[in-house]
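Input: a single structure, listed below in structure tokens.
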Amino acid sequence: MTADAPISALWPDPSPAPLDDDALTALYRRADTPQLRMNFVTSVDGAVSLDGYSAGLSGEPDKRVFRLLRMVCDALLVAAGTLRHEGYRALRLDEQRRAWRRRHGLAEYPTLVVVSNSLDLDPAQAAFADAPVRPIVLTRDGAPAAPDLAAVADLVHCGADEVDLAVGLAELRRRGLDQVLCEGGPHLFGALTAADLVDEVCLSVAPLLAGAGAGRITAGTPSAARHLPLRHVLLAGDGTLLLRHARP
Ligand SMILES: NC(=O)c1ccc[n+]([C@@H]2O[C@H](COP(=O)([O-])OP(=O)(O)OC[C@H]3O[C@@H](n4cnc5c(N)ncnc54)[C@H](OP(=O)(O)O)[C@@H]3O)[C@@H](O)[C@H]2O)c1
């Protein structure tokens with residue numbers, strides 16, 4: 001993995017030396033217990049997107065951490081809105097990352113898990129049709145029948161009128177998917193926060209002012225504020241800050 005914009009540690013152990021892949025992987029290592037880790041990128045003024053997409057906020061250092069977080073997780077959780085809008089493709093990793101997973105006794109690929117109340121999902125989308133591992137869709141009991149989707153994904157019904165995220169996560173853990181990485185989007189993040197299910201947030205802050213218009217990285221029904229202590233601050237050569245916050 002090359003680093004055009006090297007990443008170094010600012011806090012708690014400052015060092016100007018560029019972090020290599022092993023050092024960076026150690027900083028984002030898997031937890032000893034089941035955990036839900038969020039990963040988002042934002043602008044300095046708190047935008048969730050630029051021109052409607054996250055890509056405009058994401059420079060090379062954010063992409064490097066994004067790929068690393070996918071490498072170390074068991075399941076990648078994403079809301080249907082983000083899957084549809086960002087046009088998620090099949091969750092594939094390059095040979096280097098697959099080799100890392102094999103060395104660490106993990107399945108060759110993480111499992112994609114989609115959260116949807118409506119089941120308005122396209123079975124032909126590459127995220128489903130070309131998936132190396134059969135994806136899981138967490139949905140509510142009363143969701144419409146979706147035989148074409150059921151042909152390409154496991155539909156897990158959890159919650160009467162809407163998805164019960166705690167039940168859904170418990171089901172993932174029952175299947176051995178302990179380390180869950182969630183890539184959003186904002187409505188799913190808001191619901192997970194409200195349900196007090198978020199253990200960790202990895203946040204890239206791009207050195208950009210997006211201006212008014214875009215939403216925040218969280219959305220939906222307001223809920224109680226929760227303390228989430230800072231664990232590390234990394235700085236990339238392009239000015240991106242890489243923050244990790246996690247529960248005690
Ligand atoms: N900056 C970043 O890092 C980042 C990351 C991700 C996304 N984004 C941006 O966020 C925007 C998309 O956001 P969005 O408003 O569509 O929010 P979202 O949270 O991505 O998607 C909302 C949809 O996902 C499903 N969903 C979410 N939470 C659910 C829950 N608790 N229970 C059941 N279903 C749930 C529902 O799908 P159904 O309608 O199928 O029921 C809902 O309509 C895009 O602009 C994207 O680029 C940015």
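Structural remarks
- Candidates ASP196, ASP21, ASP32: whichever shows maximal mean-square fluctuation once the chain is modelled as a Gaussian network with Cα springs under 10 Å: ASP32
- Computed P(r) (all Cα pairs; segment 115-248; 5 Å bins; percent): 2, 8, 14, 18, 19, 15, 12, 9, 3, 1
- As a proxy for reagent exposure, SER204, SER43, SER118, SER8 were ordered by neighbouring Cβ count within 10 angstrom, fewest first; the result is SER118, SER8, SER43, SER204.
- Once the Cα gyration tensor of the chain is diagonalised, semi-axes √(5λ) in Å: 29, 21, 18
- Size of electric dipole in segment 1-123: Cβ of Lys, Arg +1 and of Asp, Glu -1, about Cα centre, debye, nearest 20: 460 debye
- 0 to 90° range, to nearest 10: angle between helix 60-72 axis and the chain longest Cα axis: 50 degrees
- Size of charge dipole - the chain - debye, nearest 20, with Cβ of Lys, Arg +1 and Asp, Glu -1, no other charges: 520 debye
- Here the 3J(HN,Hα) profile of segment 163-172, calculated from phi with Karplus coefficients 6.51, -1.76 and 1.60 at θ = phi - 60°, is 5, 8, 5, 5, 5, x, 5, 4, 5, 4 Hz, Gly and Pro shown as x.
- Shape of segment 5-61, Cα gyration tensor, a/c cut at 1.5: oblate
- In segment 65-167, taking the dipole from charged Cβ atoms about the Cα centre, the farthest positive-side position among LEU106, LEU77, VAL163 is held by LEU106.
- Projected-area average for segment 1-138 over all orientations - Cα convex hull basis, square nanometres: 10.0 nm²
- Counted over the chain, the DSSP beta bridges are approximately 40% antiparallel.
- Over the chain, relative contact order from alpha-carbon pairs under 8 Å, at least 6 apart, %: 29 percent
No value in this document is a laboratory result; all are computed from the given coordinates. What you see is a predicted model; the values in this text were computed from it and never measured. Cβ atoms come from the backbone with ideal geometry, glycine included; neighbour counts cover every protein chain shown.
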